[in-house]
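> Handing you this structure, nothing more for now.
The values are calculated or read from the model by the stated rules, or taken from the named source; none is laboratory data. Keep in mind the model is a prediction, meaning the values are calculated, not measured. So basically every Cβ, Gly included, is an ideal-geometry build from the backbone, and we count neighbours across all protein chains shown. For the accessible areas, the whole protein counts, side chains as well, though only heavy atoms, and no ligand, DNA or RNA atoms are used. Shrake-Rupley method; radii C 1.70, N 1.55, O 1.52, S 1.80 Å.
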Amino acid sequence: MATSGTTNFDLSFDRIIERAYARCGKSVRTGYELAAARDNLNLLFSEWGNRGVHLWKIQNQTTNLTAGTTTYTAPSDASDILEAVFRQTNNDGTTTDTTLTKISRSQYEALPNKADQGRPSQYYVRRNLANVEINLYQTPDTTDTQINYYYVGRIEDVGAYTNTPDAPYRFLPATVSGLAYYLSQEIAPDRMQMLSQVYETELNRALNEDTQRVSVHIVPMRSYI
């Protein structure tokens, strides 16, 4: 038997909405119903932001440092900073990265002189309503250095109905079932419990798959008598 030879299956939002309404025992007939589905999809993606770190949304960013400047703003789509290094260029043109330690608000507040200049070794992330700020300690004392960091980006909004989700194909089942569950709270309360169970099952499967696969080294503890 012949196979398709393709692996590019995807669903646009209008088709996702059709499938979700069908699971609620309904069909899309009005512009209001389309708009309601789009709102619920955006709410769904916002809720996914509370489900942990999504690997496909981890982005890398390099920011030039300025002597005497402590605070730097992450890209507008950033939700949190995962890890960072202080990067400097050597005389031979190579670069050297030094790990920065992420500290809490309380630890940063306890620093006696936050404007003290030198080579940064720590950073505090302030997650504001409109942006994410990176506060370095010590404050950089030179402008020919950088910080390189990985941040978690927000899942993109729905936008046009012909768009496709800002998520891997593995999350398509959870997108459809999640929208169906959200819609059921408004139009099919009798199916809400069943659709909730399906949604949680499919989302957990996708989240469990969306992990890093790395080598694990187990070293036995040596005991002395």
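> What is the set of long-range amide H partners of VAL132 at a cut-off below 5 Å, with H atoms built 1.01 Å from backbone N?
Placed amide hydrogens put ALA74 under 5 Å from VAL132.
> Over what distance in Å are the Cα centres of region 78-93 and region 127-172 separated?
The two parts, judged by their Cα centres, are 15 Å apart.
> ³J(HN,Hα) across region 51-61 via Karplus (A = 6.51, B = -1.76, C = 1.60, θ = phi - 60°), whole Hz, x for Gly/Pro?
Ordered by residue, 3J(HN,Hα) equals 9, x, 8, 9, 4, 6, 9, 7, 10, 9, 9 Hz.
> A further question on this structure: I need to check one value: relative contact order of region 63-159, counting alpha carbon pairs closer than 8 Å and at least 6 residues apart, in percent.
Across region 63-159, relative contact order equals 45 percent.
> Here's something else I'd like to know. Could you give the accessible area per residue of the chain, probe 1.4 Å, as a whole number in Å²?
63
> To continue, here is another question. Please go through region 68-164 and write out the GluC sites (Glu not before Pro) that DSSP classes as loop and that have at most 14 other C-beta atoms within 10 Å.
Sites meeting the loop and neighbour criteria: GLU156.
> Just to be sure I follow the definition: excluding the sites themselves, where is the longest run in the chain that has none of the chymotrypsin sites (Phe, Trp or Tyr not before Pro) in a DSSP loop with at most 11 other Cβ atoms within 10 Å?
10-223
> With an 8 Å Cα cut-off and a minimum separation of 6 or more residues, compute the relative contact order for the chain in percent.
Reported as a whole number, the value is 28 percent.
> Could you point to the label whose value was computed as Cα extents along the principal axes in Å for the structure here, given (1) 54, 37, 32; (2) 65, 54, 42; (3) 52, 44, 35?
Identified label for the calculated read-out: (2).
> OK, next. How many nm separate the modelled label positions at THR63 and LEU34, each set 7 Å beyond the Cα in the direction of the Cβ?
It is 4.0 nm.
> Which three numbers, in whole Å and largest first, are the semi-axes of the equivalent ellipsoid of region 137-196 derived from its Cα gyration tensor as √(5λ)?
Equivalent ellipsoid semi-axes, largest first: 43, 15, 11 Å.
> Okay, next question. Over the chain, what percent of the accessible surface lies on carbon and sulfur atoms, probe 1.4 Å?
The computed percentage sits at 47.
> Taking a cut-off of 26 Å between Cα atoms, list the lysines near LYS57, but don't count ones fewer than 8 places away on the same chain.
LYS57 reaches LYS102.
> To continue, here is another question. Taking LYS26 as the anchor, which aspartates and glutamates have their alpha carbon closer than 20 Å to its alpha carbon, excluding any fewer than eight residues away along the same chain?
ASP14, GLU18, ASP39, GLU186, ASP190
> DSSP loop (so not H, G, I, E, B), at most 13 other Cβ within 10 Å: list which trypsin sites (Lys or Arg not before Pro) in region 1-107 pass both filters.
ARG29, ARG51
> Then there's this: Of all trypsin sites (Lys or Arg not before Pro) in region 110-148, which ones are in loop regions per DSSP and have a Cβ with at most 16 other Cβ atoms within 10 Å?
Filter output for region 110-148: LYS114.
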